[in-house]
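The values are calculated or read from the model by the stated rules, or taken from the named source; none is laboratory data. If you're wondering where the values come from, they're calculated on a predicted model, not measured in any experiment. Glycine gets a Cβ as well: all are built from the backbone with ideal geometry, and neighbour counts include every protein chain shown. What goes into the accessible areas is simple: the full protein's heavy atoms, side chains included, and nothing from ligands, DNA or RNA. Shrake-Rupley method; radii C 1.70, N 1.55, O 1.52, S 1.80 Å.
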Amino acid sequence: MQALVAASSLLDGLDERTRHARLSALGVVIDWLALQPGDTWQERWDASGANDSARSDWRRLVTRGARRDEDHFGSALALLISSDVLRPSVGFLLTSPTPRRLTASLAASRDLDGFATLMTALEATGVSIGTSHPATTRIAAIVAAKGGGVFDVTVGDCIEVLQIAKAAFADGHYNSPFFYQLLHSIGVFSDDAPPTIRLFNTAGKRSVEDLVDRYPINCRAVRDLLVDYLHEREARLDHSTMRALSANLANVFWRDLEIHHPGISSLHLTTEVKTAWKQRLIEQSTRTGTVRLGAMEILSSVRAFYLDINEWAHDDPARWGPWAAPSPIRYAEISHKKNRDRRKSTMDQRTRERLSELPSLARSAEAERRDAAQRLNIASGTGPGETFRVAGETLVRSSHGGRAVTHVWAQDPDTAQRRDLTLEEHWAFWAWAAIEVLRHTGVRIEELGELSHHDMIEYRLPDTGEVVPLLHVAPSKTDVERLLVISPELADVLSAIICRVRGENQTVPLVLAYDEHERTWLAPMPLLFQRRFGAEHRPIGPQAIRDLLGRVVERTGITGRDGKALRYSPHDFRRMFITDAILHGMPPHIAQLIAGHRDLNVTMGYKAVYPEEVINGHRAFIARRRALRPSSEYRVPSEEEWEEFLGHFERRKVSLGTCGRSYATPCIHEHSCIRCPLLRPDPRQRSRLVEIEVNLGSRIDEAIREGWSGESEGLEVSLAATREKLATMDEIAARQTEDHLDTPGFARTAVRVVTTPPRPEQSEPSSTPTATLN
C-alpha cells in the first residue's frame, strides 16, 4: 500500500528532500495505523480515535508523546485520502488543521474535470478569497469523506456539513452557504433541488398545537380549548400574529393563573383572581417599559377571547357553551383613546419634522449616488498604485497582488484607510432607489420588497394611444391590491433599477424570498429590489433597507429641533406621502384608496395635523362634497364622464412639456405654464424655452428704459421661473443619459399593457379592461 501511494502523481515535481520527508512521514502514519485493531485501513483509522480528536491534534496520537517532526504528517494524510485509502469524517476534515492543500490533492488525483468546472464557476462569481477558500474546503471535505467526485455531492451532504459547522463554530465563523450556491450553479444537483440551502435553515410554520404546547399548561381541557380557539382564528391571521396571540393567551394569561392559583380549571374568574392577574400584568409591563402598549394588547386579546367564545356558544352550544363566561376585562380598561391621542400627537410631530427635511434627504441621496458611481468609474480605469481625484477626494487604487477580484478598492493616502468602492456604490444606489420609491408611492416596507418586474403596467388611452404607466402593488397587510399612477420621476427610478438588476440575457433574475410574517418561502419572482450574493440572487430585505436609510441620514447630517439626528424609518415615508398628498388637494377618500387602507379614519390618522388647514380645509371640503356630490356618486360612469376623464390626460400636453395637475382641478395659474410648478418640462423643447428666456430679457430691458416698474417686476418673476425650468430640463436630461446610457423608456420596461377597446356606439359600455403581456 505504501508503494502504491508513493507512486502517486502528487509527489511529482517535488525536490528530493521534500519527497523523502513526506514518504518518511507516510511510513510513520502507516505503521501507526497498523497497530490499530481492524481488518481494513478505514476500520483501523476509525478505531484509532483520530476522528474524535479533531479539535485537538490527531498527530499527538501518532507520535505518542515522542519527539518527531510532525510538519509532514498532514501531507502524508492527504496522500492517503487522495488515494482513497482513508475516508475521515466530515467533522474531522472541517475542524482539523491538517491535511493541508486537500482541494488541490483531490483535484489532481480524483476528479480533475469536476474541480476544474468548480474553479471556473468560482472565478465568475468574483468573490474574495475569504469566501472562496472555505467553500472549496467544504466541497473537498465532502468528496474526501463520502468518496466519488464533485458531481456526486448530494443536498444531504451539504446539509450535514452546515450542521457540523454550526455546532463546531458557534461564533458563526465558517457557516457560509456559498459552497452550496457554487455546486447548484454548475448543475451538481437535480432539477428539484432548492436554489438556496437557506430553505433548510428556516423554522417554518408551527402547528397550533405546537404553539400552545410551548407552555406547560396543566389543565388539559383548557389547553384543548385554546387549541380549538386558535384554529378558528387561524384563517384570518398571519403566522406571526398567531404566535403572539398564542403566547398572550397560553402563557401570559392562563399559565400565569395556574402558577399563582394551582388547580384552576374554569374561565369563570373571581374578582380576587382577575384583579390580581391584571395587577401582575401591569407590574410586569412597567418593569419592561411597555405599560401602555404591551399590557393593552394583552388585555385586548383576553377580552376578545372571552367575547368570541360567548358569541360562538350561540351557534355551537355543545362545543363552546360550557366555556362561556363573563369577560374579566371591561371595555373601559382597554380604551385606546388616550393612547391613540398621545400616539397621534407624537406621529404628527415626527412627520412634520421629517417632511420639511425630505427634499434635503432626497438631494443628498442623489448626490451620494452620483459621487459613488463616478468614484467607481474613475477608479476602474486607474491602474493599481495610481492616484486619482474625484468629488474633492484624493485616493490611491489598491493593489491585490495579481489576484482576480470584482470589487474595486482604493486607499486614502493620508489615513491609509482602505475603501471598497464597489460596495459603497452598491449602498448609495439602493439607498437612493429605496428613498425615491418610498417617497413617490407611500408603499409599506414589505410591499417595497415584493415589487417585481411584473408589477409595471402600461395603460393605453383608447383614442390617442397615450401611455399611462401604472404600478401594481400586491396585497399585503389588508389583502387588497391596488394600482398607482407612476410619475415621470418614479418611472426614471424604476428604469434605473431594472437596468441594474437585469442579467446577461436582459431579463430580471428570479429571486426566492422568505415571508417573515407567514414563515413560508414564496415562489421565485423577478423582484426589483435584489442583489447578487455569491453565486445566487437574494432579495434586499426590510432590515437592509433600514440600514441603508440610516447611512444616508447620518451622512446628510439632518437634525431635529432638539439638535439630535433625525431617524427616518420606511413607514415615515408612508406618513409623509399621505400628508403631502392631502395637503396638496387630494381628497382623503382617494388617498385612502392609494394607501390601501380599509378605513378612512386610518388614512386621516397617518396625515399630520396642521391646525390652520384642519378647520378651513378639511371641513370645507366635506361641506362642498356633500353639497355638490350626490349619494349615487359611486356608480358606473356615463359616456360623457368617461370621455371627460380621458380628455384630462390628453389635455395635459402643452408646448413646453406636460402639466401635472390632478384630475378635475382647474389651472390655478391661468395657463401661465412658465410660472407653474406643476409643469414637467420636456428636454426636447429646450430651444423653445431658451428663446423665451431671451425674449424675456429683451422685454425687461425695454421696461427698464421706459420706466415700467410694474411690468419689469412681473417679467423678472417669469424670467426666474424660466431659468428654473431650464435647470429642471437639464436635470431630467442628465438622469436619462449620464447614469445609465442604455436606460429604456417605460414602454421597454413595463411587462404588461392594459388597453380599453373603443366602445361601440350601440353596445353596452364595458368596465373590464383587457390585459396583454408585452
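General observations
- Each peptide in 296-303, 321-328 was scored by the mean count of other Cβ atoms within 10 Å over its residues; highest first, the order is 296-303, 321-328.
- Cβ-defined net charge surrounding SER709, 15 Å radius [Lys, Arg +1; Asp, Glu -1]: -4
- Probing with 1.4 Å while keeping every protein chain in the model, the per residue accessible area of region 487-605 equals 48 Å².
- Judged by the mean number of other Cβ atoms found within 10 Å, the most tightly packed of the peptides 32-40, 592-600, 391-399 leads the ranking 592-600, 391-399, 32-40.
- Cα centre as origin, Lys/Arg/Asp/Glu Cβ charges: region 420-529 dipole, Debye: 100 debye
- The apolar share of the surface of region 312-380, taken as the fraction of accessible area on carbon and sulfur atoms (1.4 Å probe, ligands and nucleic acids excluded), comes to 53 percent.
- Lysines whose Cα lies under 18 Å from that of LYS344, excluding same-chain neighbours fewer than 8 positions away: LYS607
- Largest to smallest in accessible area, the residues THR406, THR125 fall in the order THR406, THR125 (1.4 Å probe, all protein chains included).
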